[in-house]
1. Anything in segment B:51-75 that is touching a residue at least 24 places away in the same chain (Cβ under 8 Å) and either more than 12 Å from residue B:23 (Cβ to Cβ) or of a type in the set (A, V, I, L, M, F, W, C) (or both)? List them, or say none.
2. Here are A:87, A:66, A:58, A:95: which of them is among the hydroxyl-bearing types (Ser, Thr, Tyr), at pLDDT below 90 and farther than 17 Å from residue B:43 by Cβ?
3. From B:106, B:65, B:70, B:56, grab the single residue that is within 14 Å of chain A (Cβ to nearest Cβ) and either on the phi < 0 side of the Ramachandran plot or not hydrophobic (A, V, I, L, M, F, W, C) (or both).
4. Check whether at least one residue in segment B:20-30 is closer than 22 Å to residue A:4 by Cβ, of a type outside the set (S, T, N, Q) and under 12 Å from the mean Cα position of the chain (by Cα), and report yes or no.
5. Please give the number of the condition residue B:39 fails out of (1) within 11 Å of chain A (Cβ to nearest Cβ); (2) closer than 18 Å to residue A:33 by Cβ.
6. Which is more than 22 Å from residue A:106 (Cα to Cα) and at pLDDT below 95, of B:78, B:70, B:51?
7. Residues of segment B:20-48 being aliphatic (A, V, I, L, M), in contact (Cβ under 8 Å) with a residue 60 or more places away in the chain and closer than 21 Å to residue A:110 by Cα, which ones?
Amino acid sequence: DTGVSQDPRHKITKRGQNVTFRCDPISEHNRLYWYRQTLGQGPEFLTYFQNEAQLEKSRLLSDRFSAERPKGSFSTLEIQRTEQGDSAMYLCASSELPGLAGGPGETQYFGPGTRLLVL
Amino acid sequence: KNQVEQSPQSLIILEGKNCTLQCNYTVSPFSNLRWYKQDTGRGPVSLTIMTFSENTKSNGRYTATLDADTKQSSLHITASQLSDSASYICVVRGRTASKLTFGTGTRLQVTL
């Protein structure tokens, strides 16, 4: 257990429905990342926050995806009008300053992930 | 084409044996390379992080090497244990955080 928690751990939904995932990072960590991992593949970067500011977004994050971190603590990732292609594991990771995001001085601690299945 | 390629795709070894996993990357510019261990259904856990100037780094029975000239890295596991059974993912960081590129992983199974 790394200290990063995600809820729910599993979600099954029908195509077209909206879903929201929550990530609670390690309490003193300033940075929070979202990744998506499909079966047999490595994780893909979606977005990251430093405190409450969303600093980078991947092109993978279409307009159906939105992430927030309103108070610089927990974060939510919402997917609207889900599609079958959204089925994946959604991973959250957190890290603490200082150091460059993704830099050698930074260790990202991953949560257990939320596995989404869109029927 | 993935900019981080790992081999082999999967590997089965006997408990107590050593093994070496390979990672080739084309990500440029290069900032650092890290190896993660991911148990089934869990998030990845960091094993090692290496910068351009580091050639080798150890973490217990795990030793990672990096040749930044040939853009190759390896992860050597000595005296394997059943608990080493997992996917091992190579991750390369480019210029920014969004350029963290993950390999597809090597699935290692350690058997009796």
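The values are calculated or read from the model by the stated rules, or taken from the named source; none is laboratory data. For clarity, every value in this text was computed on a predicted model and none was experimentally measured. Here Cβ is always computed from backbone atoms with ideal geometry, including for glycine, and neighbour counts include all displayed protein chains.
1. Listed by number, the residues that qualify are B:62, B:64, B:66, B:68, B:75.
2. On the way: A:87 fails: at pLDDT below 90; A:66 fails: at pLDDT below 90; A:95 fails: farther than 17 Å from residue B:43 by Cβ.
Answer to the selection: A:58.
3. B:106
4. For segment B:20-30, residues closer than 22 Å to residue A:4 by Cβ, of a type outside the set (S, T, N, Q) and under 12 Å from the mean Cα position of the chain (by Cα): absent.
5. With respect to (1) within 11 Å of chain A (Cβ to nearest Cβ); (2) closer than 18 Å to residue A:33 by Cβ, residue B:39 is out only on (2).
6. B:70
7. The one that is aliphatic (A, V, I, L, M), in contact (Cβ under 8 Å) with a residue 60 or more places away in the chain and closer than 21 Å to residue A:110 by Cα: B:33.
Yes or no, residue by residue, for (1) over 27 Å from residue A:3 (Cα atoms); (2) of a type outside the set (Ser, Thr, Tyr); (3) over 10 Å from the mean Cα position of the chain (by Cα):
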{"site": "B:36", "(1), (2), (3)": "no, no, no"}
{"site": "B:46", "(1), (2), (3)": "no, no, no"}
{"site": "B:55", "(1), (2), (3)": "yes, yes, yes"}
{"site": "B:58", "(1), (2), (3)": "no, no, yes"}
{"site": "B:61", "(1), (2), (3)": "no, yes, yes"}
{"site": "B:66", "(1), (2), (3)": "yes, yes, yes"}
{"site": "B:71", "(1), (2), (3)": "yes, yes, yes"}
{"site": "B:76", "(1), (2), (3)": "yes, yes, no"}
{"site": "B:79", "(1), (2), (3)": "yes, yes, yes"}
